[in-house]
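No lab work stands behind these numbers, since they all come straight from the coordinates. Just so it is clear, the model here is predicted, and its values are computed rather than measured. Note that we place each Cβ from the backbone using ideal geometry, even for glycine, and neighbour counts take in every protein chain shown.
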Amino acid sequence: MEDAYLALSKLTKTYPNQPRSAVHDVDIDVARGEFISLLGPSGCGKTTTLRMIAGLIAPTSGHIRVGGTDITNRPVHKRDMGLVFQSYALFPHMSVGENVDFGLQMRRVAKSERRRRVADALDMVHLAHLANRRVSQLSGGQAQRIALARALVVEPTVLLLDEPLSNLDAKLREELRVEIRRIQQETGITTVFVTHDQDEALAMSDRLVVMSEGRVEQVGEPWAVYETPENRFVADFIGRTNMFDGRVAGQSDGVLRLEVDGLGTLSVRAARTGGATATVMVRPHRVRIDPAERTANELKGRVVQSSYLGDVESVVIDVNGTRVTAERTHSGRPLTAGATVALGWGDADAYVIPQ
Amino acid sequence: MPTSSRSSEGGTRRAAAAALLTPGLLALGVSFVVPLVWLARMSLNRTVGPAELQPDVSLSSYVDVLTDGFMWEVAWHTLWLGVLVTVLAVAVSYPIALFLARTRSRLRGLLMALAIAPLLTSSVVRTFGWLILLSDDGIVNSALSTLGIIGEPLTLTNNVTGVVIALVEIMMPYAILAMIAGFGRVSKDLEDAAGSLGAGRLRCFVRITFPLSLPGVLTGALMVFVLTVSAFITPRLMGGGRVFVIATEIYDQATTTLDWPRASALAVLLLLLFGVFLVLYQRLFRMVEGR
């Protein structure tokens, strides 16, 4: 990316006595003002990457640039980055106001300006009334808002969020998710957000970076990563999905025909594929149960299990030994195991995963 | 009936707790409370002649002790020794304790064991060890004179210098253990957060690590102070009979002068001194931990 503000190039971290790099040749470009999420299972290297950006871990090789300046070897306290931790990391021996003031003190900002900026930062997170509280008197959600105010009050170049919502309960998490995104957009700060929660990543980010085993698997806008995953890992990790391996039986008019054991021939809209085999994926909510109209792919199966979740019903169906998961928005009584159902999906509902 | 079953359950638990506490409380009572009461009672008796005491309830021993100028000197000396050894032992142990509390090295267990290994030998043995090291022709003096740093051997034994050196070393394991236990609030995340906010290593230590480690420092200091002020063996052996502290004075009064009421009164006064420091410690602890 030409207008990259934060640029990671060939970033690698290897630990002695460990065969696999924790982070391997990671290239990520983040535009100014962009909100980017590093998403992956635990141990995928996302936190290590974030800590390398922050300057808390020294990379084995590779470079980190901010605004064109190479900061790879700059110590953490000279990097000018805002950091928010999963553990909040508020200083327990200082009041809320003193916590927010700390970074300004370190920068030797004049006292009158400090007072104004602390007040503004607390206003931004709607917690101005807590300035004199002790840190131990804060709830988790308040603590994380204060941590955010503390990180942003110094106007850092980049905001780094390390699983900031993971210690909060579900309702609060959703609330704070919206708030973080609002503040990020108001301040226009370039943000890197680390999470293992794909809902958070999908909802908050301009772009996602999906990582696995120290490598970048895919970079893209949330919808693009969800709809058009580049490989099996991404397809499997983001959202729930059905994946079928098959032999290419023919291709015409942009429709690929695929022989899949148990399911027969499936039709899927796809650009030309070179190989003799292909993997097709169908998201469960695109599989229709007892469809009213005819579809390109029509199957019959037996219900193995149905999970009633209120807004949707998730149904596992056995089709000649192959399991297909379908979701239907609910209308009445859920299906019972053993029932025979028809199912189908259109050729545009499926997607061929590039090999 | 749920209420009655709950209360009988509570009764069982109380009985179990009492059963578990009894052996410890009994041991404490027999070995600590009874002698203490006996000691307090003894201090109220009156000495009528050499090694001759008369049962009484009088404060004459206390009056004797508190009006004796030499006793005040000894008390002042003891306090001063306690403060000096506490400051030195805590200062030397602090970096070790901080390192042990935070290292994630696989050698941590071994290093911990090494740090507290001196507790495996008695302080008599360790004091004799220091006597050998610090004597006029010991390793320290011969090394310094071989290097040409000193001409005459330094007098490091049979005086306060030797007592301080030996006591500091003997107290270090206690200080290290107590401080590690009190360093719970020092965390890597807090230091990382301070770093990201622009604090260099020194400012991070001054503003974050040190204030958060104060509860540990206080606990370590109290531990060392109490042990030093009541130390008998090291001042006695290392001081060569020339260093007078309250503990050695109690011993002399009890075994040489055979003035038991006076020895008991001294012991009770020392106990009161500990009480004062314990209250002081709790005040300070609440202050550093409170916010």
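Using the structure shown, list the pairs from A:Lys46/A:Lys171; A:Lys13/A:Lys171; A:Lys111/B:Lys188; A:Lys111/A:Lys171; A:Lys78/A:Lys171 with a Cα-Cα distance above 32 Å, or answer none.
Numbers: A:Lys46/A:Lys171 25 Å; A:Lys13/A:Lys171 36 Å; A:Lys111/B:Lys188 29 Å; A:Lys111/A:Lys171 38 Å; A:Lys78/A:Lys171 37 Å.
Over 32 Å Cα-Cα: A:Lys13/A:Lys171; A:Lys111/A:Lys171; A:Lys78/A:Lys171.
B:Val63 sits among other residues whose Cβ lies under 15 Å from its own Cβ, and their net charge, with Lys and Arg +1 and Asp and Glu -1, is -2.
Each listed q (0.10, 0.11, 0.21 Å⁻¹) maps to a log10 I(q)/I(0) for region A:240-353, found by the Debye formula over equal Cα scatterers with no solvent: -0.29, -0.34, -1.11. Taking the convex hull of the alpha carbon positions in region A:4-236 and averaging its projected area over all directions gives 13.1 nm².
In plain terms, the residue of A:Thr191, A:Thr14, B:Thr12 with the fewest other Cβ atoms within 10 Å comes first and the most crowded comes last, giving B:Thr12, A:Thr14, A:Thr191.
Normalised by residue count, region B:3-132 yields a Cα convex hull volume of 296 Å³ per residue.
How do B:Met238, A:Met106 line up, fewest other C-beta atoms within 10 Å first? Don't skip to the end; give the middle numbers.
Values: B:Met238 28, A:Met106 19.
In increasing order of surrounding Cβ atoms, one gets A:Met106, B:Met238.
By the helix-only formula, in which each DSSP H run with n ≥ 4 contributes -39500 (n - 2.57) and the sum is divided by residues, chain A has a 222 nm mean residue ellipticity of -7000 deg cm²/dmol. The DSSP beta bridges internal to chain A are antiparallel in roughly 80% of cases.
Inter-label distance, A:Gln105 to B:Ile139: 4.5 nm, where each label sits 7 Å from its Cα along the C-beta direction.
Would you look at the GNM of chain A, springs on alpha carbons closer than 10 Å, and say which of A:Leu168, A:Leu309, A:Leu299 moves the most? Between A:Leu168, A:Leu309, A:Leu299, it is A:Leu309 that shows the largest mean-square fluctuation.
For chain B, what is the mean residue ellipticity at 222 nm derived from helices alone (per DSSP H run of n ≥ 4: -39500 (n - 2.57); sum divided by total residues; nearest 500 deg cm²/dmol)? List each step's numbers first, then the result.
Working: 14 runs with 211 residues, N = 291.
Here the helix-only value at 222 nm equals -24000 deg cm²/dmol.
Remark on the protein assembly as shown: hydrodynamic radius 31.7 angstrom, per the Kirkwood mean of 1/r across alpha carbon pairs. Taking a ≥ b ≥ c as the square roots of the Cα gyration tensor eigenvalues, region B:149-226 comes out oblate, since a/c reaches at least 1.5 and a/b does not exceed b/c. What does the structure give for A:149-160 when I average, per residue, the other chain Cβ atoms found within 10 Å of the residue Cβ? Averaged over the peptide's residues, the number is 1. Over the Cα atoms of region B:98-191, Rg to Rh with Kirkwood Rh, two decimal places? With Rg and the Kirkwood Rh in hand, the quotient comes to 1.12. Cross-link partners for A:Lys10 among the aspartates and glutamates, with Cα-Cα distance under 12 Å and sequence neighbours closer than 8 places in the same chain left out: A:Asp25, A:Asp27, A:Asp29.
Legend: ranking of residues B:Arg102, A:Arg145 from fewest to most surrounding C-beta atoms inside 10 Å; resulting order B:Arg102, A:Arg145. Each 5 Å bin from 0 upward holds the following percent of the Cα-Cα pairs of region A:1-138: 2, 9, 15, 17, 15, 14, 13, 10, 5, 1, 0. Subtracting the Cα-Cα distance of B:Gln54 and B:Val33 from their residue separation scaled by 0.36 nm leaves 5.2 nm.
Each residue of region B:123-132 is assigned a 3J(HN,Hα), and the resulting list reads 6, 5, 4, 5, 5, 4, x, 5, 4, 5 Hz, derived from the Karplus form 6.51 cos²θ - 1.76 cosθ + 1.60 (θ = phi - 60°), x at Gly and Pro. When only the Cβ of Lys, Arg, Asp and Glu is charged (+1, +1, -1, -1), the dipole of region B:117-257 relative to its Cα centre reaches about 440 debye.
From largest to smallest, the equivalent ellipsoid semi-axes obtained for region B:70-290 from the alpha-carbon gyration tensor read 35, 25, 15 Å. Comparing B:Ala194, B:Ala254, B:Ala18 in a Gaussian network model of chain B (Cα springs below 10 Å), the most mobile by mean-square fluctuation is B:Ala18.
For the protein assembly as shown, the antiparallel share of DSSP beta bridges with both residues in that region comes to about 80%.
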